[in-house]
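Q: First the structure, then my questions, so here it is.
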Amino acid sequence: MKGPTITTCLYLIYLIVGQASEKISYTGDQLWKITNGNNSTLNLLKTLEQDNYVSIWGHNSTYIDALVHSSALNKVRDKLQEHGQEFKVSIEDVQKAIDEENPKPANLDGRKGFRLTWNYYHSLADIYDYLYYLQQTFPKLCSVHNIGQSVERRPIKLFLISNGKKANKAIFIEGGINAQEWISPAVITYVINQFVSNYQNETLSVQNIDWYIVPVLNPDGYEYSYNVDRLWKKNRSKNKKCVGVDLSRNWGYNWGKNGSSSDPCSNSYRGRRPFSEPETAIVANLFITHPEIDWIGYISVRAYGQYIVYPWGCPNGVLEDHEELFRVAKEAAVKMVSAGGESYTVGPAGIITDSSSGISIGWAKDAQAIKYAYIMKLRDTGRYGYFLPARFIKPTSEEAVTFLRTIAGIIKS
């Protein structure tokens, strides 16, 4: 089978060449949840981040999550107390959380056709091999497409689910844009499995949508996070000072403004220009070169926080169709809870979460006029952060399935 052979060879090359890098340890580092009283709190933490004492993971109007490095615990504690800032420790030892996140699975080599499960976070090779397995097993329903290459020349795979009806509208799903968000590709492969292997039992609204899905948009970063640095976020492009661009800030709408950085060493480095990175440019090119596709949805699956947000990413930015976007997302959020899932907060990205520019859904809404553009930030709200234990993959995935079914149902109604 051609696909699996290629991806397995790529992975073996990585093992030979890439394993020269030793795994980075976060022993003694902690995750703190800090009360966000006003702008001065965030400014203080940004100063501490510039001094390499902390790394800000995310924030909203009530709290800020920050990784505090072990060598700076006392300094940061003293600084927060000096400014009267309250905080609590969410993770006592980050490396321990990493070690417990993804328990070693039983031997999967004897499985027929593929190694992928949803009890474990898998390598890029396992993910890609599973896509080819589905293509081989359900050739009339789904197909795998190479839509380009990453900085390190790994293939970027698009998985298409379609019944071939010309009247179908299309939804694009983007996953794995930030490398450390392992839950994103895991959830997306679960969705793919549900929609393909259970196709005959799916709703007509799901069946009559063309689903264009990229499970791992940042394959270089994902492999580096998986094998070397669990908290690596960016892609692996080289510049004079540091490595990587934040792909989630590299899109061509409102680029270079709030929530991104011009510093190549920052985790939020936006790149030299919009679409400077092959990974984001590949997606833009897909839309530009296929005007015949009737796009109706763009969904970015991310972590974490339990949010469903839509444009705009700037503060006080509200769309004309805000009420419709809110209604659809809220309906999905209610259905998730009714099915036993977690609660998700709904609203405009720039108001509900942190202000952010150059994001994919802003570009999809503005440049491509796609009606339903959302970021779904998956579990949890900070107890585990990026280290969501693998035992939560399935329930989190069921929430995503409910969200996508809801959108499909509204589109086809």
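What follows is calculated from the coordinates using simple rules that are stated; it is not laboratory data. Fair warning: this is a prediction, and the values are worked out from it, not measured in the lab. Neighbour counts run over all protein chains shown; Cβ positions are idealised from the backbone, glycine included.
Q: Say each of ASN163 and THR47 gets a label point 7 Å from the Cα, pointing the same way as Cα to Cβ; how far apart are those two points in nm?
A: 6.1 nm
Q: What list do you get for VAL337, VAL301, VAL144 if you sort them by fewest beta carbons within 10 Å?
A: Ordered by Cβ neighbours within 10 Å, fewest first: VAL337, VAL144, VAL301.
Q: Would you pull out the residues with amide H under 5 Å of LYS169's amide H, same chain only if 5 or more places away, H placed 1.01 Å from N?
A: Residues meeting the amide H criterion: ASP210.
Q: What does the helix-only formula give at 222 nm for the chain: each DSSP H stretch with n ≥ 4 adding -39500 (n - 2.57), the total divided by the residues, and the result rounded to the nearest 500 deg cm²/dmol?
A: Working: 13 runs with 149 residues, N = 413.
Helix contribution divided over all residues of the chain: -11000 deg cm²/dmol.
Q: May I ask you to sort ARG115, ARG302 by Cβ crowding, counting other Cβ atoms within 10 Å and putting the fewest first? The partial results should precede the final answer.
A: Details: ARG115 20, ARG302 23.
By the 10 Å Cβ count, ascending: ARG115, ARG302.
Q: Rank by packing, highest mean first: peptides 192-203, 131-142, 244-255, with packing defined as the count of other Cβ atoms within 10 Å averaged across residues.
A: Going from most to least packed, we get 244-255, 131-142, 192-203.
Q: Give the distance, in whole Å, between the Cα centre of segment 100-164 and the Cα centre of segment 178-237.
A: About 9 Å separates the Cα centre of segment 100-164 from the one of segment 178-237.
Q: Next up: Would you grab the residues whose amide H sits under 5 Å from the one on ASP380? Only those 5+ places off in sequence or on another chain, please, with H modelled 1.01 Å from N.
A: Correct list: GLY305, GLY385.
Q: While we're here: What ³J(HN,Hα) values, in whole Hz, does the Karplus curve 6.51 cos²θ - 1.76 cosθ + 1.60 give for segment 386-400 when θ = phi - 60°, with x put for Gly and Pro?
A: Result, ordered by residue: 6, 9, 4, x, 4, 5, 9, 4, 5, x, 5, 5, 4, 5, 5 Hz.
Q: What do you get for the angle between helix 124-137 and the principal long axis of the chain? Use alpha-carbon atoms, 0 to 90 degrees, nearest ten.
A: It works out to around 20 degrees.
Q: Let me ask something else. If the limit is 23 Å between Cα atoms, which of LYS335/LYS377; LYS166/LYS412; LYS96/LYS335; LYS140/LYS165; LYS166/LYS377; LYS46/LYS241 go over it?
A: In this structure, LYS96/LYS335; LYS166/LYS377 exceed 23 Å between Cα atoms.
Q: Which pairs, out of LYS233/LYS394; LYS33/LYS79; LYS75/LYS234; LYS234/LYS394, put more than 21 Å between their alpha-carbon atoms?
A: In this structure, LYS233/LYS394; LYS75/LYS234; LYS234/LYS394 lie more than 21 Å apart at Cα.
Q: Taking 0.36 nm per intervening residue step and subtracting the Cα-Cα distance, what contour gain separates SER21 from LYS112 on full extension? Intermediate values should be presented prior to the final figure.
A: On the way: separation 91, 0.36 × 91 = 32.76 nm, distance 3.28 nm.
Full-extension gain reported as 29.5 nm.
Q: If you take every residue apart from ARG249 with its C-beta less than 10 Å away from the C-beta of ARG249, what net charge results, scoring Lys and Arg +1 and Asp and Glu -1? List each step's numbers first, then the result.
A: Details: positive: LYS234, LYS257, ARG270; negative: ASP246.
For residues surrounding ARG249, the net value is +2.
Q: So how much slack lies between GLU82 and ASN193, counting 0.36 nm per residue of separation and subtracting their Cα-Cα distance, in nm?
A: Taking GLU82 through ASN193 to full extension adds about 34.8 nm, to one decimal.
Q: Counting other C-beta atoms within 10 Å, which of VAL54, VAL346 has the fewest, and how do the rest follow?
A: Working: VAL54 26, VAL346 21.
Least to most surrounded, the residues fall as VAL346, VAL54.
Q: Report, in whole Å, the centroid distance computed from the Cα atoms of segment 47-73 and segment 305-376.
A: Comparing the Cα centres of segment 47-73 and segment 305-376, I get a distance of 26 Å.
Q: Please give me the summed charge of the neighbours of VAL318: other residues whose Cβ is under 13 Å from its Cβ, Lys and Arg +1, Asp and Glu -1.
A: Cβ neighbours under 13 Å give a net charge of -3.
Q: Now, a different point. In percent, what relative contact order does segment 124-412 have, based on Cα pairs under 8 Å that are 6 or more apart in sequence?
A: Numbers: 616 pairs, mean separation 60.3, N = 289.
Relative contact order, segment 124-412: 21 percent.
Q: Looking at the square roots a ≥ b ≥ c of the eigenvalues of the Cα gyration tensor of segment 199-274, which shape do they give, rounded for a/c under 1.5, prolate if a/b is larger than b/c, or oblate?
A: oblate
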